[in-house]
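Presented below is the structure to which this report refers.
All of the numbers you see were taken from the coordinates with simple rules; none came from a lab. Only a predicted model underlies this, so the values are computations on that prediction, with no experimental measurement involved. Reconstructed Cβ throughout: ideal geometry from the backbone, glycine too, with neighbour counts over all protein chains shown.
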């Protein structure tokens, strides 16, 4: 069974199929990729795990405007993985927003993303730090930076595949793929493992990583091992970055169970044409343990 492709993918651009034509890679713009509502992304699955009703609203509604932190994160992604697009699609406003000339500047740059000078400097400094960060070290001891991986890998390429259990068309757009390694950049307040781990919990990064690895395995089922690497990069100076490899048992496996559950739930919702809200509309509210027993308090 072939994955269903969006109309823009059928305009003559090169399609790279796997051997049995159940998975395909191709290039597109970020806007094209996110315009596709007919296939399932990791973001959609994470929303589905909240409730099918939230998933339905997400699939049918307009894309939400990015928060400032998300906007800076998106700009950083572009500066790291697509520097040509960053220089072409981002422009710099050298005064404060709303100052004299702001409306004219916005009108002259329709379709472009506008950064203030301080935002541009922040993004550029963060991108430089990320690209110089050590990402891998091979058996001979040779060190490869993120910049090296970008040079030899493929950035922002779409991968579509068919989930064999449900027949649903799934899609991913990895920041970077190099051989069997998948790399994802996350901006953060604190890149240390013990702090970044909580960010992974809050935003279901285990679901994203497991879902992406399903796509990689669907495209190349003969490959046995697919490492998944997070680059956690701090937006504040000194823009420190750390590289974290997702543990197969303690990170990928729990995420994969959630992916299976979400895909099965979506298939059932589609079959019944029912997308219910929260399963338990009434609960008993308790303060989290960390709030009831703060560190240092005698109990």
Q. Hey, in the GNM for the chain with a 10 angstrom Cα cutoff, which one of 194, 82, 119 fluctuates hardest?
A. 194
Q: Would you please classify the overall shape of region 1-158 from the alpha carbon gyration tensor, given that a ≥ b ≥ c denote the square roots of the eigenvalues, rounded means a/c under 1.5, and beyond that prolate means a/b larger than b/c while oblate covers the rest?
A: oblate
Q. When the chain is modelled as a GNM with alpha-carbon springs shorter than 10 Å, which of 265, 48, 289 fluctuates the most?
A. 289
Q: Compute the relative contact order of the chain as a whole-number percentage, counting only Cα pairs closer than 8 Å that sit 6 or more residues apart in sequence.
A: 21
(Q) Using 0.36 nm times the number of residues separating residue 13 and residue 134, minus their current alpha carbon distance, what extension gain do you get? (A) 40.1 nm
Q.
Could you work out the relative contact order of region 97-218? I mean the mean sequence separation of Cα pairs under 8 Å and 6+ apart, divided by the number of residues, in percent.
A. 14
Q: Considering only 50, 117, 96, give the residue with the highest GNM mean-square fluctuation for the chain, with springs between Cα atoms whenever their separation is below 10 Å.
A: 96
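For residue 250 and residue 2, calculate 0.36 nm times their separation in residues minus their Cα-Cα distance, and state this gained length in nm to one decimal. Display every interim value, and only then the final one.
Values: separation 248, 0.36 × 248 = 89.28 nm, distance 3.23 nm.
This chain segment gains 86.0 nm when fully extended.
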Q | Computed label-point distance, nm, for sites residue 27 and residue 113 using a 7 Å Cα→Cβ extension | A | 1.9
Q | Span from the region 15-42 Cα centroid across to the region 69-128 one, whole angstrom | A | 28
Q) Given a Förster radius of 22 Å and the C-beta distance between residue 217 and residue 145 as r, what FRET efficiency does 1/(1 + (r/R0)^6) yield to the nearest 0.05? A) 0.20
Q) By counting other Cβ atoms within 10 Å of each Cβ, how are 54, 225, 77 ranked from fewest to most? A) 225, 54, 77
Q) When each pair of different Cα atoms in region 97-180 is counted once in the 1/r mean, what is the Kirkwood radius in angstroms, to one decimal? A) 16.9
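Before rounding to the nearest 500, sum -39500 (n - 2.57) across all DSSP H runs of length at least 4 in the chain and divide by the residue total; then give [θ] at 222 nm in deg cm²/dmol.
-12000 deg cm²/dmol
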Q.
Below 8 Å, C-alpha to C-alpha, sequence gap of six or more: please give me the relative contact order for region 67-131 in percent.
A. 43
Q | Rough spin-label spacing in nm, given labels placed 7 Å along Cα→Cβ, for residue 66 and residue 285 | A | 3.3
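Output the antiparallel fraction of DSSP beta bridges having both residues in the chain, as a percent to the nearest 5.
70
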